[in-house]
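Engineer: Shown below is the structure under consideration.
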Amino acid sequence: MSRVYPFDDAATARAAIGDDGTLTEWNEGARRLLGHPAAAVLGRPAAELLADAGPPAPPRGPRWAGTVGLRHQDGRTLPVWLLAHRRPRRDEHPGGWLVVTPLTDAQPAAADDPLVEVGLMQSPCAVAVYDDRLRLCRMNTAMAGVVGLPGERLRGLRLTEISGSPQSEELERGMLRVLASGEPLDVQTFLRTGGQDRAHAWLARMAPVRDGTGRVRGVCLAAHDVTDNHRARQRLHLVNEASVRVGSTLDVTRTAQELADVCVPALADFVTIDLLDPQEYGGEPPARVTAPVRLRRAAHQSVFDGVPEAVTEPGAAEEYPASSPQADSLTAGRTITTSVAAGDMDQWLHWHPDRGERVRRFGIHSSMSVPIQARGLTLGVAVLTRHRRPDSFTADDMLLAEEITARAAVCIDNARRYSRERETALALQRSLLPRSLPRTAALEVSSRYLPAARAGVGGDWFDVIPLSGMRVAMVVGDVVGHGVQASATMGRLRTAVRTLADIDLAPDELLTHLDDLVVRLSEESGPGVGPGEAGSPGEVGATCLYAVYDPVSRRCTLARAGHPPPVVLPPGGTPHVLDVPAGPPLGLGGLPFESAEVELPEGTVLALYTDGLVWCRDRDPEAGRELLHGALGAHADSLDATCDRVLHTLLPSGGAPDDVALLLARTRSLPASQVATWDIPADPALVAPIRKQVVEQLDAWSLSEAAFTAELVVSELVTNAIRYGARPIRLRLIHEGATLICEVSDTSHTAPHLRRAKTFDEGGRGLLLVAQLTQRWGSRHHGEGKTIWAELPLFEEDQ
């Protein structure tokens, strides 16, 4: 058998049954199994091959598996396990059922065969091994769960015969490439397996299986379900990417193309952006639209090169009747989803035969029409369609598309109305706000920032700052005003907060220093040069909320300066406002700030936001907070989806009247097994036993390779604390992921300083040694004294 096409059709008994119950296909494997030649059975009822009397009940669903008794040509009855797939109607075949079974001579490989020696068969990862004819040799329990059938029943079948889905053909072609080239291959696909009720995102890793001589004897297929990560990362990156990419210029066509590019392929397979022609409405887009609607194609994008799905080219205008999704969405002023299977587009496709032909050719099954609206005006419509992805649009997809389209609509309107100032403000805002939030072991975070619909970008900001000892700081602030001046002030304050956080100041102390900075900014601003600009002391103002969470103690310390208090949602509880002393707004000067400390159970959601989220012209802030509580406590889901739901619930459809910054954080805790603490006697002679205990603890954590470095660092820090610190002295080790943290605390407030010892000095090299051996080190002060900490990186060999 050729290596290019290794399939042996006779190794599988295969037959096809039409919808009328007659046999339409009969291969050589079926003749070998039952002895009947094809000429004797084709066109006859399949029920005649059953040994049991009477035809069986028709199976339900797209697949059926079971053991039945079949008549052999010599008259005997054979119990045969059958796997049947429902075949959709296509041009090449009329539908019906495909029935397969592996022949009994497809036996497992010998014990010394390399196919049996694959080490991942006991892995929780779904693994299957195929021989050099791409017949299943063996699969582990995890893969059997994915397929939904026992592995011993499937031995000897090809992947396409096991799955029966079009995506399995792509996977089998990849396996054929691995078999021919001997090189591993990764294939990503989106399909529904027999063990699942809906389509999932999969990463299929294929690797050649070689014998002792290096000859390729088969293919190992490992399937990883990456649906959750795929969807969460896709939505988060899509929102962030839209914020960065859409509206990069003041050109309407380019902005529309950027919107289409962002949506494909993350949200849709084919996207069209059609805009109203303002000249037809007296130079301004209308507030309301009536059908028929004349639209001009501004941009489109597709997963295929050349955008073959498009009927209209960019720049061309077309009139859309009342039955079209474009006109219906624009006249209703809301997003409309349609389904081909439900017949929602029958009238439209009948009116436009060319589009009907494209829908049938590419298999388009659903679409979503999103009005492009900004500042109460209708600019056009974005139509998102799917044909490669089998799933229809969901409510989350609709919310995501509306948010992206709303941002793009503002940019499109700005490109038509405004000029350089708007573009400058957008560029400044994008550069000052964090592009992405850090991933930490202490918090799972998600954020949103929306500029004001009419006033433009302003001074709202948020940040997540990793601190020493696995702690994480969260900050949300709001600078008074809008425009470039407010954005510039926000950037200076955000930089100041990160700098102050880096020296581990307590929240109340940090706000005190930040207040001094705002006072100086007010004094430096000088006389105002225009209305609404900072001109005299006190006119540069801001509010801020700063919180520090410790995953080891699960305690959170917060302080605020005239900022709205955070909302806390405990696991299984109801949202409530956290009682934090209000404090004066930044810029007044000379007034104290107070902090509050609370213990947060693991899984608690903390919501930090600016007042633009809860304040609205049509409601008071208290009503806005009630809406916020309801949106947070609606149901448990991802933080990204919760952010979308909060914005959708609280903000008006025309956009927020003020800037909105929203930061959601779900707390995590560090298990006690990852933390070790010792009380250190103030005796240098007892440092050696402490080092021994540290080594034993690292052995328990399987970090023996890092023991030498950790022992040196612990020895230096403990010795310094005994010599120069004050009792009591405590050593703490924290192990998380690829980091080992050593902390030594004492009650002295004197911080050590790094210096370079001279040649004949007897000391002074300890902290220099610590700095050379560790990734980071530093000190932080607290009410009981100080803590000297050092972070040691752990590499793969340390695990």
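The values are calculated or read from the model by the stated rules, or taken from the named source; none is laboratory data. All values reported here derive from a predicted model rather than from experimental measurement. A quick note on method: Cβ atoms are made from the backbone with ideal geometry, for glycine too, and the neighbour counts reach across all protein chains shown.
Engineer: Restricted to the stretch 362-387, and to residues that are surrounded by fewer than 18 Cβ atoms within 10 Å (Cβ to Cβ) and modelled with pLDDT under 90, which residue is nearest to Asp251 (Cα to Cα)?
Structural biologist: Arg375
Engineer: Report, by residue number, each residue of the stretch 472-495 that is in contact (Cβ under 8 Å) with a residue 12 or more places away in the chain and hydroxyl-bearing (Ser, Thr, Tyr).
Structural biologist: Ser487, Thr489
Engineer: Inspect the stretch 652-666 for any residue being among the charged types (D, E, K, R) and either at pLDDT below 90 or assigned to a helix (DSSP H, G or I) (or both) and give the result as yes or no.
Structural biologist: yes
A quick yes/no check of all residues on (1) of a type in the set (A, V, I, L, M, F, W, C); (2) within 30 Å of Gly483 (Cα to Cα):
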site	(1), (2)
Ser323	no, no
Gln326	no, no
Thr331	no, no
Val340	yes, no
Leu349	yes, no
Gly376	no, yes
Gly380	no, yes
Asp397	no, no
Ile404	yes, yes
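Engineer: I'd like to verify a number: residues in the stretch 606-636 that are closer than 14 Å to Pro565 by Cα and either within 26 Å of the chain's Cα centre (by Cα) or assigned to a helix (DSSP H, G or I) (or both), how many?
Structural biologist: The qualifying residues number 13.
Engineer: If the requirement is being under 30 Å from Cys411 (Cα atoms) and among the hydrophobic types (A, V, I, L, M, F, W, C), which of these qualifies: Ala685, Ala634, Ala607, Ala676?
Structural biologist: Ala607
Engineer: Can you pull out the residues in the stretch 143-161 that are surrounded by fewer than 21 Cβ atoms within 10 Å (Cβ to Cβ) and either of a type in the set (D, E, K, R) or touching a Cys at 6+ places or on another chain (Cβ under 8 Å) (or both)?
Structural biologist: Within the stretch 143-161, Glu152, Arg153, Arg155 meet the criteria.
Engineer: If you go through the stretch 212-240, how many residues are within 28 Å of Ala408 (Cβ to Cβ) and surrounded by fewer than 14 Cβ atoms within 10 Å (Cβ to Cβ)?
Structural biologist: Count: 4.
Engineer: Let me ask something else about it. Filter the stretch 665-722 down to the residues that are closer than 30 Å to Val646 by Cβ and aliphatic (A, V, I, L, M) and list them by number.
Structural biologist: Listed by number, the residues that qualify are Ala665, Leu670.
Engineer: Here's a follow-up. Considering only the stretch 137-201, give the helices (runs of 4 or more DSSP H) lying wholly within it that have at least 3 residues that are over 26 Å from the mean Cα position of the chain (by Cα) and under 24 Å from Arg215 (Cβ atoms).
Structural biologist: Here the list reads 166-181.
Engineer: Sort out which residues of the stretch 414-464 are at pLDDT 85 or above, aliphatic (A, V, I, L, M) and within 25 Å of Val614 (Cβ to Cβ), and write them in order of number.
Structural biologist: Hits for the stretch 414-464 are Leu437, Leu443, Val445, Val464.
Engineer: Does Arg386 fit the bill of being in contact (Cβ under 8 Å) with a residue 40 or more places away in the chain and more than 16 Å from Pro325 (Cα to Cα)?
Structural biologist: In short, no.
Engineer: Restricting to the stretch 242-276, give me the number of residues that are in contact (Cβ under 8 Å) with a residue 24 or more places away in the chain and outside any loop (DSSP other than H, G, I, E, B).
Structural biologist: Adding up the residues that qualify gives 21.
Engineer: Looking only at the stretch 344-355, decide whether some residue is without any contact (Cβ under 8 Å) to a residue 60 or more places away in the chain, surrounded by 19 or more Cβ atoms within 10 Å (Cβ to Cβ), assigned by TED's automatic domain parsing to the domain that holds Gln257 and in contact with a strand residue (DSSP E or B) (Cβ under 7 Å, 6 or more places away or on another chain).
Structural biologist: yes
Engineer: Mind listing whichever residues of the stretch 296-318 are of a type in the set (Gly, Ala, Ser), assigned to a loop (DSSP other than H, G, I, E, B) and under 17 Å from Arg386 (Cα atoms)?
Structural biologist: Residues satisfying the conditions are Gly306, Ala310.
Engineer: Something else: For the stretch 647-693, what are the residues that are more than 28 Å from Gly459 (Cβ to Cβ), among the basic types (Lys, Arg) and touching a residue at least 60 places away in the same chain (Cβ under 8 Å)?
Structural biologist: The one that is more than 28 Å from Gly459 (Cβ to Cβ), among the basic types (Lys, Arg) and touching a residue at least 60 places away in the same chain (Cβ under 8 Å): Arg668.
Engineer: Would it be correct to say that Pro601 is surrounded by fewer than 14 Cβ atoms within 10 Å (Cβ to Cβ) and not polar (S, T, N, Q)?
Structural biologist: Spelling it out, Pro601 is indeed surrounded by fewer than 14 Cβ atoms within 10 Å (Cβ to Cβ) and not polar (S, T, N, Q).
Engineer: Shifting gears a bit: Looking at this structure, is Ser715 in a helix (DSSP H, G or I) and either buried (at least 17 other Cβ atoms within 10 Å of the Cβ) or of a type in the set (A, V, I, L, M) (or both)?
Structural biologist: Answer is yes for this residue.
Engineer: Name every residue in the stretch 584-605 that is assigned to a loop (DSSP other than H, G, I, E, B) and either of a type in the set (A, V, I, L, M) or in contact with a Pro (Cβ under 8 Å, 6 or more places away or on another chain) (or both), in order of residue number.
Structural biologist: Leu588, Leu591, Phe593, Glu594, Leu600, Pro601, Glu602, Gly603, Thr604
Engineer: A further question on this structure: Can you tell me which residue is nearest to the chain's Cα centre (by Cα) among those in the stretch 319-352 that are among the hydroxyl-bearing types (Ser, Thr, Tyr) and either farther than 23 Å from Ala401 by Cβ or in a helix (DSSP H, G or I) (or both)?
Structural biologist: Only one residue tops the list, namely Ser329.
Engineer: Yes or no: Ser536 among the polar types (S, T, N, Q), modelled with pLDDT under 70 and either assigned by TED's automatic domain parsing to the domain that holds Asp463 or under 17 Å from Ala501 (Cβ atoms) (or both)?
Structural biologist: yes
Engineer: How many of the residues making up the stretch 64-87 are surrounded by 10 or more Cβ atoms within 10 Å (Cβ to Cβ) and either in a loop (DSSP other than H, G, I, E, B) or at pLDDT below 85 (or both)?
Structural biologist: Matching residues across the stretch 64-87 total 4.
Engineer: If you don't mind, another one. If only one of Gly182, Gly164 is on the phi > 0 side of the Ramachandran plot and either crowded, with 18+ Cβ neighbours inside 10 Å or modelled with pLDDT under 85 (or both), which one is it?
Structural biologist: Exactly one residue qualifies, and that residue is Gly164.
Engineer: Follow-up. Conditions first: (1) farther than 25 Å from Thr649 by Cβ; (2) touching a Phe, Trp or Tyr at 6+ places or on another chain (Cβ under 6 Å). Met368 passes all but one, so which condition is the exception?
Structural biologist: (1)
Engineer: Quick one: in the stretch 12-36, which of the residues that are crowded, with 19+ Cβ neighbours inside 10 Å and small (Gly, Ala, Ser) is nearest to Gln73 (Cα to Cα)?
Structural biologist: Ala30
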